[in-house]
Amino acid sequence: MTTSLPQQGSWPEGERPAEDRRHMIRRRALTLLIIVLLIGIPAGYLVLSANQSRDSGKDKEAKYSATGLTAGWPSKLQRRIYQVPIPHPAWHVAYYETNNWRTSRLYAQFETNAAGLDAYLTGLGVTRKDLKEGAVTIGTRDRKITGWKLSEDDGWYGFVHRQKNPAPTHDVVVDLSNPAYPWVYVVSRTVP
């Protein structure tokens, strides 16, 4: 037992009604719209995606080809890995990261206010009492890499914040020659 499906009727020979102009324009507009939706939108998406990908590559190339301090904030991931809590407010923020088989380092500098300095030190688990006058704890090699000119004159304080591996060690120097707006220089080292 088979059921037959109803057949679509066909126009008898020569009796098909002619398509009026309004219907023809509507049909062509609908066809054009479908073509734009099926071809134009995916093509536009591909162009935008290609541009974003190319721009991303240029940004990464600039970031990883840097040979010194780069103006701007380190990423949240970098700040978390190296445990460098840059306070708010902070100005003139710059950083540089180096990695090799033995040691990874994040160099950071910023200017802040007195409350920002206290917040930074608290974030490291230390206080102003831990700052030693005239102690420039950042080594010559690290100063050469960043171009920092740190002296042991009045107003310079520093300390080394050692932690058990794999937590990073921080070499911190603070320029308190202007106590209202101190500069902070930090080298955070971690051994992978």
- Item | Enumeration of residues in region 87-121 that are closer than 20 Å to L150 by Cα and among the β-branched types (V, I, T) | V93, T112
- Task: Would you please name the residue that is nearest to R189 (Cα to Cα), looking only at residues in region 75-113 that are of a type in the set (D, E, K, R) and modelled with pLDDT of 90 or more?
- Result: R105
- Listed by range, strands (runs of 3 or more DSSP E) wholly within region 76-190 having at least 3 residues that are open to solvent by 40 Å² or more (accessible area, probe 1.4 Å) are 90-99
- Checking D130 against (1) in contact with a Leu (Cβ under 6 Å, 6 or more places away or on another chain); (2) in contact (Cβ under 8 Å) with a residue 24 or more places away in the chain, the condition it does not meet: (1)
- Task: Might you check whether a residue that is exposed (fewer than 12 other Cβ atoms within 10 Å of the Cβ), closer than 30 Å to S188 by Cβ, modelled with pLDDT of 85 or more and small (G, A, S) occurs anywhere in region 63-72?
- Result: yes
- Message: With the structure loaded, tell me whether R143 is within 17 Å of L106 (Cβ to Cβ) and touching a Leu at 6+ places or on another chain (Cβ under 7 Å) or whether it fails that test.
- Response: yes
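Yes or no, residue by residue, for (1) within 55 Å of the chain's Cα centre (by Cα); (2) more than 30 Å from Y95 (Cβ to Cβ); (3) among the aromatic types (F, W, Y); (4) at pLDDT 65 or above:
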{"position": "P17", "(1), (2), (3), (4)": "no, yes, no, yes"}
{"position": "D20", "(1), (2), (3), (4)": "no, yes, no, yes"}
{"position": "S56", "(1), (2), (3), (4)": "yes, no, no, yes"}
{"position": "D59", "(1), (2), (3), (4)": "yes, no, no, no"}
- Message: Report every pair of residues separated by at least 6 positions or lying on different chains whose Cβ atoms are under 6 Å apart, first residue within region 88-103 and touching a residue at least 40 places away in the same chain (Cβ under 8 Å), second open to solvent by 40 Å² or more (accessible area, probe 1.4 Å) and part of a strand (DSSP E or B).
- Response: T103/R189
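The values are calculated or read from the model by the stated rules, or taken from the named source; none is laboratory data. In this text, all values refer to a predicted model and were calculated from it rather than measured experimentally. Every residue, glycine among them, receives a Cβ derived from its backbone with ideal geometry; neighbour counts consider all protein chains shown. Surface accessibility is based on the protein's heavy atoms, side chains included, excluding ligands, DNA and RNA. Shrake-Rupley method; radii C 1.70, N 1.55, O 1.52, S 1.80 Å.
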